[in-house]
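The values are calculated or read from the model by the stated rules, or taken from the named source; none is laboratory data. Everything quoted here is computed from the prediction, not taken from an experiment. Note that each Cβ is placed from the backbone with ideal geometry, even for glycine, and that neighbours are counted across all protein chains shown.
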Amino acid sequence: MKACFVDTSAAYAALDASDEFHERAVKTWVAKIEEKYSMIISNYVIVETTALLQSRIGMEAAMGFTERLVPLMRVEWVDEETHKEATTAYLLTSKRKLSLVDCTSFIIMRRLGLKEAFAFDRHFTEQGFMTA
């Protein structure tokens, strides 16, 4: 089965019509579903996306994401070990634009053997992943 990790950059773009990647995100989302991809997201990405939607667009957008899109994805829960490993990686890289959520995403993708991320964040390609 084909699988793809969903990043905040793509989830947010799919829901914000004013986002520069909105049209591309919607088309990609539909294509992935039609191609029977397993869409995987972490609970950290859910929290980050929900907070971003709420603060930039409003509570309705956050609720729509939570109620309509999240149930379509498999949620990978960040455990203590993954959190510690991601925190270490985050602190060691000292990159201002690289987030703790990104670091957890990279660890999860590697553990699951995922090669592709539905993301518009350059950090995924910098880490060796393909982006859609």
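Points to keep in mind about this one:
- Residue in segment 65-72 that is among the polar types (S, T, N, Q), surrounded by 13 or more Cβ atoms within 10 Å (Cβ to Cβ) and farther than 19 Å from residue 123 by Cα present: yes
- Number of the condition not met by residue 97 [criteria: (1) surrounded by 13 or more Cβ atoms within 10 Å (Cβ to Cβ); (2) at pLDDT below 95]: (1)
- Among the criteria (1) out of contact with any helix residue (DSSP H, G or I) (no Cβ under 6 Å at 6 or more places or on another chain); (2) surrounded by fewer than 13 Cβ atoms within 10 Å (Cβ to Cβ), the one residue 77 does not fulfil is (1).
- Test: residue in segment 23-33 that is surrounded by 19 or more Cβ atoms within 10 Å (Cβ to Cβ) and among the charged types (D, E, K, R): yes
- Criterion (surrounded by fewer than 21 Cβ atoms within 10 Å (Cβ to Cβ) and of a type in the set (Phe, Trp, Tyr)) met by exactly one of 37, 44, 12: 37
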